[in-house]
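Right, one structure below, let's go through it.
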Amino acid sequence: MIELFEHALRLHADPSRVVVRPFHLAWGGNGGNRTERIVSAVMALSPAETRAELELVLKDFEARHWQTRRVFMTRYDEIEQMLGLDGTEIGDEKRQLIGAYFCHEYSYAAAALMNPSAVPHFDQSGMPAGSQRILMSLRAVGEGHISSVAFREGIIADGNLLKLAPEPPFATATDAAGLDEETMPEGPITVYRHRDSTLSGTVIFPITAAQSKGLEDLRLVQFHHDDGSVEWLGTYTAYNGSAIQSELLRTRDFRAFDLVPMTGPAARNKGMALFPRKVGGQYMMIGRQDGENLFLLKSDTLTHWDEGEKLLNPVYPWELVQIGNCGPPIELDEGWLLLTHGVGAMRKYAIGAVLLDKRDPSKVLGRTREPILAAADQDREGYVPNVVYTCGAMRHGDTLFVPYGVADSSVAFAFIPISTLLAAMA
């Protein structure tokens with residue numbers, strides 16, 4: 001094993017991290033529907049009864065969520081539009097109570113927290129030499145094994161220092177302006193972070209039909225376009241319970257997020273990772289098209305990907321079952337550093353590394369014979385045992401900062417000297 005520095009900090013699944021989500025009731029049945037019945041029942045309450053019921057709800061939930069009354073009013077507005085109600089004839093307390101009946105509390109990270117990726121933060125103002133702000137995405141798994149995307153901000157510094165910004169007491173979900181959430185949309189969609197919410201308190205939930213059962217394993221990259229502009233892009237897997245497809249997250253400000261399905265035969269697979277700039281005039285990806293080997297993909301657009309050429313196949317005992325990427329390639333003077341995962345005996349996951357030629361990434365210059373990271377005794381147990389996995393590391397000076405998931409249950413952090421990593425390659 002390569003010598004590295006493992007930070008003492010760990011992040012764990014946390015059932016106390018909750019957001020308010022729309023509670024959807026099925027339509028139809030015996031000449032009416034439950035939504036209309038509930039609204040009619042609230043409308044029939046006297047003002048005193050309405051106030052008493054609303055106070056009970058607020059006593060239970062107002063201290064647990066951010067701007068709870070406003071959330072209820074927003075949800076009421078959606079019900080009003082659905083049923084054609086006249087809100088001018090309904091008082092604020094009734095509207096809030098109606099909204100409360102169509103919301104529920106969702107613990108978005110109760111089951112697992114895993115598979116992080118890290119990129120430089122979009123705001124580096126005031127950072128002293130040897131320090132930089134970072135931004136991490138995390139796969140949070142909640143009720144129903146549904147995955148969402150959470151974020152965490154922090155600072156790394158020379159000397160293997162790491163400090164994460166505290167999570168705010170309230171988390172908020174992104175929303176899509178003007179969207180009828182009762183019917184899941186298809187195709188590209190844009191979701192927005194609330195204007196008063198920090199990024200560390202923001203969660204992106206599945207919103208389209210293709211994503212209905214999860215947004216999985218976001219691989220973020222800070223992408224540099226030919227015109228000098230910078231955009232944060234991330235590939236992830238959309239899962240609807242039976243089928244998967246690869247999609248692309250795009251943002252320039254982490255306020256608005258475009259969620260764009262990708263097309264082409266390569267997009268039917270998971271685990272795609274984008275190079276941080278064009279190479280030889282083309283966009284490039286690393287993918288695992290057959291579920292076993294690594295492939296190099298090339299495209300003239302960011303959203304359409306045809307089959308690529310085989311780049312790597314399993315060679316060493318720790319990766320004989322299959323290999324895949326562990327995040328976007330990282331540009332070094334020596335070439336493109338690509339972290340990989342390998343699966344060995346007893347389905348044990350480990351992380352290795354490969355160096356690709358800078359001008360022609362189809363050329364493999366070296367790869368680690370032994371894993372960089374593997375499940376140790378203290379890292380075996382969890383939601384899925386014997387797994388270490390990352391969706392993206394980042395360079396900090398001469399060091400590689402690697403956040404990684406442990407047993408699909410927690411997130412750990414390592415710092416690895418890049419020179420040591422390169423020296424271990426055959």
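The values are calculated or read from the model by the stated rules, or taken from the named source; none is laboratory data. All of these numbers come straight from a predicted model, not from anything done at the bench. So basically every Cβ, Gly included, is an ideal-geometry build from the backbone, and we count neighbours across all protein chains shown. The protein model used for the area step is the full one, side chains on, heavy atoms only, and it has no ligands, DNA or RNA in it. Shrake-Rupley method; radii C 1.70, N 1.55, O 1.52, S 1.80 Å.
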Residue count, region 341-380 (criterion: touching a Lys or Arg at 6+ places or on another chain (Cβ under 8 Å) and closer than 30 Å to residue 282 by Cβ): 6
Positions within region 123-171 being among the hydrophobic types (A, V, I, L, M, F, W, C), in contact with a His (Cβ under 9 Å, 6 or more places away or on another chain) and within 17 Å of residue 404 (Cβ to Cβ), in sequence order: 134, 135, 156, 162
It is to be established whether one or more residues within region 76-93 are open to solvent by 30 Å² or more (accessible area, probe 1.4 Å), in contact with a Ser or Thr (Cβ under 9 Å, 6 or more places away or on another chain) and not hydrophobic (A, V, I, L, M, F, W, C). yes
Is there a residue in region 272-284 that is under 19 Å from residue 115 (Cβ atoms), open to solvent by 10 Å² or more (accessible area, probe 1.4 Å) and touching a Phe, Trp or Tyr at 6+ places or on another chain (Cβ under 9 Å)? no
In region 250-268, which residue that is free of Cβ contacts under 8 Å to residues at least 60 places away in the same chain and buried (at least 20 other Cβ atoms within 10 Å of the Cβ) is farthest from the chain's Cα centre (by Cα)? 266
Under 9 Å by Cβ, and 6 or more places apart or on different chains, what pairs join a residue from region 191-218 that is over 21 Å from residue 144 (Cβ atoms) and of a type in the set (A, V, I, L, M, F, W, C) with one that is part of a strand (DSSP E or B) and open to solvent by 10 Å² or more (accessible area, probe 1.4 Å)? 199/152; 199/153
List pairs: first residue in region 1-12 and open to solvent by 80 Å² or more (accessible area, probe 1.4 Å), second residue among the aromatic types (Phe, Trp, Tyr) anywhere in the structure, Cβ distance under 6 angstrom, at least six positions apart or on different chains. 5/415
Hits in region 286-299 - residues which are crowded, with 24+ Cβ neighbours inside 10 Å and under 21 Å from the mean Cα position of the chain (by Cα): 286, 287
Please go through region 290-314 and pick out each residue that is farther than 24 Å from residue 232 by Cβ, of a type outside the set (Asp, Glu), part of a loop (DSSP other than H, G, I, E, B) and touching a residue at least 24 places away in the same chain (Cβ under 8 Å). 291, 293, 314
Residue hits (region 229-269; under 17 Å from residue 121 (Cα atoms) and assigned to a loop (DSSP other than H, G, I, E, B)) are 229, 252, 253, 254, 255
How many residues of region 300-324 are at pLDDT below 95 and open to solvent by less than 10 Å² (accessible area, probe 1.4 Å)? The answer is 0
Selection from region 101-117 of residues open to solvent by less than 20 Å² (accessible area, probe 1.4 Å) and outside any strand (DSSP E or B) yields 102, 108, 109
Scan region 145-168 and tell me whether some residue there is in contact (Cβ under 8 Å) with a residue 40 or more places away in the chain, over 22 Å from residue 20 (Cα atoms), hydroxyl-bearing (Ser, Thr, Tyr) and open to solvent by less than 60 Å² (accessible area, probe 1.4 Å). no
For region 142-155, check the following and say yes or no: at least one residue is outside any strand (DSSP E or B), over 29 Å from the mean Cα position of the chain (by Cα), at pLDDT 90 or above and closer than 30 Å to residue 231 by Cβ. no
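Residues checked against (1) open to solvent by 10 Å² or more (accessible area, probe 1.4 Å); (2) within 19 Å of residue 139 (Cβ to Cβ); (3) of a type outside the set (Ser, Thr, Tyr):
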residue	(1), (2), (3)
204	no, yes, yes
210	yes, yes, yes
237	no, yes, no
246	no, yes, no
